[in-house]
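Peer 1: Pasting a structure below so you can have a look.
The values are calculated or read from the model by the stated rules, or taken from the named source; none is laboratory data. For clarity, every value in this text was computed on a predicted model and none was experimentally measured. Here Cβ is always computed from backbone atoms with ideal geometry, including for glycine, and neighbour counts include all displayed protein chains.
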Amino acid sequence: MERPKGEYLIEVDRASFTYPDGTRALEDVSVEARQGDVVAIIGANGSGKTTLLMLMAGLLEPQKGAVRFRGVDVKKLGRELRREVGVVFQDPDDQLFAPTVFDDIAFGLRMLGLPDEEVRSRVIEVARELGIEHILGRPPFRLSGGEKRKVALATALVSRPSVLLLDEPFSDLSPLASRRLMDILIKFKNGGGTVVFTSNDVEVVAELSDYVYVLSSGRVVVHGEPKSVLCDDESLAKAELRPPMATILYRELTGERERCPIRISELISALRRGHRDSAHLPAKLSTKAQRYAV
Amino acid sequence: MPKSALTSFLNEVAEVLEAFSIETSSRKGSPEPRALLISFIALAVAASFSRGVYPPIIALATAILLSRALGVKLKRMAKAAALISMFILAVTLPMALYQAYLDQAPLSDSSALLWGLAPLLLRCVAATSALVLMTQSLGLMGLIRALRGLRVPPRALLILVLFLRYIPIMLRDTIKLLSAREVRMVSSSVKDHWLMLSTVASGLLIKGFERAYRLQMAFKARGLDPSFIPAPNVRAGPLDLALVALSSTLACLLVLM
């Protein structure tokens, strides 16, 4: 199950981390992400996903092992790491601290010492992209949950990072908001960016990721391409997860276990291909269904 | 105090404290951050250590003139001044009245005692206002740059910035905790109400630690490391030197007055 070796952009190498109260969060964990990858880290609550992400962001230091960015230990990288790696926390209230949305988004740029005019234009650009231009003057604590999430994402995107680390970005989002966020992340990936995100939502993982790591009790129980990981019931069960609905439905409808569609679109084509009496099924998903596909 | 009044009060306090970390756009031709910092601090010190009624008023007026010249609005300063006045009166007024009662002084004497509080009140208001105007004129980043320029250690700066942002955030968290308890209040008795609200303390203590940790993480994630910020390499010009000289001289005169 080893990934073919290539140049990793971000690499966690046999890292272990224990919190000061003795809670062992991670043990001997190795995770890699290449440029342009969307890597999903999935697992039950308390499996160590957030801690792993914090290690990757250089916000926590592993007691054993190492975390490298472009081959350099993150401990040795200061400002460069902050410029290259954008982090979005699970709870936007933990992330947003400035008196106004504008100041919050601009904070990182000001820390990088950019001139005022550039800070302003970049903030407006990212706000326009995320549709939050109208709330730039408002205090973050008065925003709705969805708006806070967008602002938190804007604070990470504004410094034009090469890696985005997102902790449970899809939790509390409505299906359409999830879809919009996925589109933003796909656009970021298409621009050459790398995304590492944690999630419990196997549907999102099936739709978005190129590579998946499953964590359970601070250890990686399985990793690989989404198709192989999300069809591995046993490993998923260890992490208190289930296969995607498309897989479950296909198995129920056909009784077949060899083929494993993980997305709705794959489910329909698998059904069409495998069964004569499926002529009534559409050849592909309608635009509306694609929009709801998560 | 009615419950809504308590939360609105905390909201106002948080808003005033936010003035200490608000960001401003630097204006062309404005003095060098270090010169501004020294000038405002000199005025705040002069207001704090002066005697009588007029020196704090002069210090405050100078701070207002200076910040107006930099385009700062006075709304936040006015709020801060009102808040500080309230605190000072809440602490000193009962003391003054109690002293008058102990001395068995007639009412006319106690009013003289109250009048004696005026310089203290003015000193506190003027010093606080000068500091609010300073942070508004400089902005958070300007303040960090100025302090770095004065060779303040990066770790001390980090603590200062954390402190400036942490208090308003904690006040907002307190409001949330209070509201969560208020919506579960069944009894309408004032005593029960205050008993229920007093349970906020333990929650606040735990949340306070957690919040400080997360805020520090958020700062770190967004690149807040004052050691990254180079000390300003701009050399102080004649305007900056004149400003520092003028404010320092004025401060000395006001303290000696």
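Peer 1: With respect to A:Leu173, determine if the residue is assigned to a loop (DSSP other than H, G, I, E, B) and free of Cβ contacts under 8 Å to residues at least 60 places away in the same chain.
Peer 2: When the stated conditions are applied, A:Leu173 passes them.
Peer 1: Across the stretch A:66-98, which residue is nearest to the other protein chains (Cβ to nearest Cβ) among those that are touching a Ser or Thr at 6+ places or on another chain (Cβ under 7 Å) and of a type outside the set (D, E, K, R)?
Peer 2: A:Gln95
Peer 1: Okay, moving on. Take A:Ala40 and tell me if it is surrounded by fewer than 19 Cβ atoms within 10 Å (Cβ to Cβ) and either out of contact with any Cys (no Cβ under 6 Å at 6 or more places or on another chain) or not charged (D, E, K, R) (or both).
Peer 2: no
Peer 1: If you don't mind, there's one more thing I want to ask. Of everything in the stretch A:75-85, what is at pLDDT below 90 and not in a loop (DSSP other than H, G, I, E, B)? Give them in sequence order. Let's see the steps before the verdict.
Peer 2: Taking the stretch A:75-85 first, the residues at pLDDT below 90 are A:75-83.
Passing the criteria: A:Lys75, A:Lys76, A:Arg79, A:Glu80, A:Leu81, A:Arg82, A:Arg83.
Peer 1: Count, please, the residues in the stretch A:101-138 that happen to be part of a loop (DSSP other than H, G, I, E, B) and more than 8 Å from every other protein chain (Cβ to nearest Cβ).
Peer 2: So the count comes out to 7.
Peer 1: Additional query: Could you figure out which of (1) touching a Leu at 6+ places or on another chain (Cβ under 9 Å); (2) within 21 Å of B:Gln216 (Cα to Cα) isn't true of A:Ser16?
Peer 2: Condition (2) is where A:Ser16 drops out.
Peer 1: Still on this structure, please answer the following. Out of the residues in the stretch B:74-105 that are part of a loop (DSSP other than H, G, I, E, B) and in contact with a Ser or Thr (Cβ under 9 Å, 6 or more places away or on another chain), state the one that is farthest from A:Pro99 (Cα to Cα).
Peer 2: B:Asp103
Peer 1: As an exercise: evaluate A:Phe69 against (1) under 30 Å from A:Val202 (Cα atoms); (2) modelled with pLDDT under 90 and give the number of the one condition it does not meet.
Peer 2: Condition not satisfied by A:Phe69: (2).
Peer 1: Determine whether A:Leu60 is at pLDDT 90 or above, facing chain B (nearest Cβ under 10 Å) and either within 20 Å of the chain's Cα centre (by Cα) or surrounded by fewer than 16 Cβ atoms within 10 Å (Cβ to Cβ) (or both).
Peer 2: The answer is yes for A:Leu60.
Peer 1: Let me ask another. Can B:Ala69 be described as surrounded by fewer than 22 Cβ atoms within 10 Å (Cβ to Cβ) and of a type in the set (Gly, Ala, Ser)?
Peer 2: Considered against the rule, which asks whether it is surrounded by fewer than 22 Cβ atoms within 10 Å (Cβ to Cβ) and of a type in the set (Gly, Ala, Ser), B:Ala69 comes out as yes.
Peer 1: Would you tally the residues in the stretch A:234-248 being surrounded by fewer than 15 Cβ atoms within 10 Å (Cβ to Cβ) and in a helix (DSSP H, G or I)?
Peer 2: Adding up the residues that qualify gives 3.
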